[in-house]
Amino acid sequence: MTTETIPAPRSSYTPPRKRRVNWEKWGWLYMRVSGLFLVVLIFGHLFVNLVSGAGVRAIDFAFVAGKWADPFWMVWDTLMLVLALIHGANGMRTVTNDYAHRPILRKTLLGAILVSTVVLLVLGILVIYTFDPCPSNAIAGTLPAFCKAH
Amino acid sequence: MPENSAGTLAPPPAAKPKIKPPRRFAGTLYRGREGMWSWVLHRITGIAIYFFLLVHILDTSIVRISPQAYNGVINEYKTPLMGLGELALVIAIGFHALNGLRIILIDFWSVGARHQRLMFVIVILLWIVLVAGFAPRQIMNIILEAQGHGSA
């Protein structure tokens, strides 16, 4: 009268799989999440720069200086830069993988995308956070009105 | 009634089976029709926007050189040709954004894939509304700039 334990049928031994980060999955998710943010960020950017007021006619150094005097637009533009550039670079990576069949060409293009993305991210962030709205090399009449206090 | 009982067992009178003529290929989510053309447009607009973004980061970076250098470059954006380029850019961004939202709904909304065709029609309609709203504004700004009315 012993209780018998019957092994579950067809359960073969499976070696524990090594857990790796599924980068394609996270890239896929990134495109959707960043896309959602970019819809708001870019339509806001387009409205303020191309629609409201005098539209594209109003854009000059003083216009940019006026925007970046406000931390709100600095953060806005930083988010837009980072999210859009990585979104675009990842999209171009997909396109490259689809059409560039020769391994050397493919690796070269992917490398170019990576390098240009890193360079432009660093450049863009430096420009936003080292920006001087009242530079000393300015020709008269190009500075925003609030520089007269200097 | 022998014929009656036999009739119930016999196969129904031979009606000619209706064979429908082959229909036009109706497509799948990704092959043919809305699914494929939305993908094609999404890819073309995406690549175009990407190359504009590269240039736009570089031209904006000129604010760091000097105000006059930046103003010189940005004045190029106010010429009629570039004004139409901005219109084309907004048209591309409009489709990419709206179809991007459709893709998100296909992937995350439980019945999204079922309604992808209807959502494509909605994308096109909203796109037309968006462009119809922006184009007159942009063309007005191009004309005013060409007539010498600056930022005012």
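Looking at the stretch A:101-137 only, could you name the residues that are touching a residue at least 12 places away in the same chain (Cβ under 8 Å) and outside any helix (DSSP H, G or I)? Correct list: A:Phe131, A:Pro133, A:Cys134.
Here A:Phe47 meets each of (1) out of contact with any Asp or Glu (no Cβ under 9 Å at 6 or more places or on another chain); (2) surrounded by 14 or more Cβ atoms within 10 Å (Cβ to Cβ); (3) farther than 25 Å from B:Ile106 by Cβ with one exception, condition (2). Scanning the stretch A:18-35 for residues that are hydrophobic (A, V, I, L, M, F, W, C) and outside any helix (DSSP H, G or I) returns a single hit, A:Val21.
Set side by side, the residues B:Ile143, B:Ile128, B:Ile139 differ, and just one is touching a Leu at 6+ places or on another chain (Cβ under 8 Å), over 30 Å from A:Leu29 (Cβ atoms) and more than 10 Å from every other protein chain (Cβ to nearest Cβ), which is B:Ile139. Residue count for the stretch A:118-136 under the criterion of being at the interface with chain B (Cβ under 9 Å from one of its Cβ atoms) and surrounded by fewer than 11 Cβ atoms within 10 Å (Cβ to Cβ): the result is 1. A search for C-beta distances below 7 Å between a residue of the stretch B:42-68 that is facing chain A (nearest Cβ under 7 Å) and any residue that is among the aromatic types (Phe, Trp, Tyr) and part of a helix (DSSP H, G or I), counting only pairs 6+ apart in sequence or on different chains, returns B:Val63/A:Phe61; B:Val63/B:Tyr70; B:Pro67/A:Phe61.
The number of residues in the stretch A:38-90 being within 7 Å of chain B (Cβ to nearest Cβ), touching a Lys or Arg at 6+ places or on another chain (Cβ under 9 Å) and not in a loop (DSSP other than H, G, I, E, B) comes to 5. You will find that of B:Gly72, B:Gly32, B:Gly94, the residue that is more than 8 Å from chain A (Cβ to nearest Cβ), touching a Phe, Trp or Tyr at 6+ places or on another chain (Cβ under 8 Å) and surrounded by fewer than 17 Cβ atoms within 10 Å (Cβ to Cβ) is B:Gly32 and no other.
Each reported figure results from applying straightforward, stated rules to the coordinates on display, with no laboratory input. Remember, predicted model here, so these are calculated numbers, not experimental data. Cβ: placed from backbone, ideal geometry, glycine included. Neighbour counts: every protein chain shown.
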